[in-house]
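The block underneath contains the structure these notes are about, expressed in structure tokens.
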Amino acid sequence: MGVYITTSKNPSLKTRTFCEALSRLVPMSSLEQRGSKSVEQIFKRAKLLGKSRVLFVYEKDEIPSKLCFMKVKAHSWEWIGEEISISKLRIHKIPRELPSELITKGDRKEEFEKLLDYCKPEGDEFIELICGRHALSFSYNGKSFLEMELI
């Protein structure tokens, strides 16, 4: 289980920073730069790492602009959900120690539960992903660490 996060082929510093933030906020995720890997090679790498999802972060003009999700199956893969377009993003300092569980809230709760394919939290310590129609926000203990405005 978990999410394998990867960048576009030649990511900017802003995109790499954004991906690093996502990998710290999405429990059980792994991050690697894509480099020259094909989509098929990304699928095989995610499968090798035991991940059930891949999150591709694309950029436009050196700024993260789009999120696309892949479902990893036993012998194949498929795109899931719709592309998520980012219009603005804000990253705050993320602490070293964070809970290893995530909970989703908001209008798009079910959609993001499927996209991220994670286990429901068992404890009372978790990162919150607020999923609005036009915004996503990761927070913990009332402090926001990553905010995205969506198109």
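Of everything in the range 1-57, what is small (Gly, Ala, Ser) and farther than 24 Å from Glu97 by Cα? Give them in sequence order.
Ser8, Ser12, Gly35, Ser36, Ser38, Ala46, Ser52
Please tell me if Phe138 is closer than 20 Å to Arg16 by Cβ and either of a type outside the set (Asp, Glu) or not in a strand (DSSP E or B) (or both).
yes
Just to be sure I understand, how many residues within the range 84-118 are touching a residue at least 60 places away in the same chain (Cβ under 8 Å) and part of a loop (DSSP other than H, G, I, E, B)?
Counting residues in the range 84-118 that are touching a residue at least 60 places away in the same chain (Cβ under 8 Å) and part of a loop (DSSP other than H, G, I, E, B) gives 7.
Could you list, in sequence order, all residues of the range 22-67 that are outside any loop (DSSP other than H, G, I, E, B), in contact (Cβ under 8 Å) with a residue 24 or more places away in the chain, of a type in the set (A, V, I, L, M, F, W, C) and buried (at least 18 other Cβ atoms within 10 Å of the Cβ)?
Listed by number, the residues that qualify are Leu22, Leu25, Leu31, Ile42, Phe43, Ala46, Val54, Leu55, Phe56, Val57.
From the set of residues in the range 43-67 that are among the β-branched types (Val, Ile, Thr) and out of contact with any Lys or Arg (no Cβ under 7 Å at 6 or more places or on another chain), which is farthest from Ser144 (Cα to Cα)?
The residue in question is Val54.
How many residues does the range 13-54 contain that are farther than 22 Å from Lys143 by Cα and aromatic (Phe, Trp, Tyr)?
So the answer is 1.
Any chance the range 122-129 includes a residue that's among the charged types (D, E, K, R), in contact with a strand residue (DSSP E or B) (Cβ under 7 Å, 6 or more places away or on another chain) and outside any strand (DSSP E or B)?
Looking for residues that are among the charged types (D, E, K, R), in contact with a strand residue (DSSP E or B) (Cβ under 7 Å, 6 or more places away or on another chain) and outside any strand (DSSP E or B), one finds none in the range 122-129, hence no.
Just for the range 68-106: of the residues that are among the small types (Gly, Ala, Ser) and exposed (fewer than 13 other Cβ atoms within 10 Å of the Cβ), which one is nearest to Leu150 (Cα to Cα)?
Result: Ser87.
Of all residues in the range 52-81, how many are basic (Lys, Arg) and under 21 Å from Glu110 (Cβ atoms)?
3
Could you list, in sequence order, all residues of the range 119-129 that are in contact (Cβ under 8 Å) with a residue 24 or more places away in the chain and in contact with a helix residue (DSSP H, G or I) (Cβ under 9 Å, 6 or more places away or on another chain)?
Within the range 119-129, Ile127, Leu129 qualify.
Filter the range 137-151 down to the residues that are touching a residue at least 40 places away in the same chain (Cβ under 8 Å) and either β-branched (Val, Ile, Thr) or in contact with a strand residue (DSSP E or B) (Cβ under 9 Å, 6 or more places away or on another chain) (or both) and list them by number.
Correct list: Phe138, Tyr140, Ser144, Phe145, Leu146, Glu147, Met148, Glu149, Leu150, Ile151.
No value in this document is a laboratory result; all are computed from the given coordinates. What you see is a predicted model; the values in this text were computed from it and never measured. Here the Cβ is made from the backbone with ideal geometry for all residues, glycine too, and neighbour counts use every protein chain on show.
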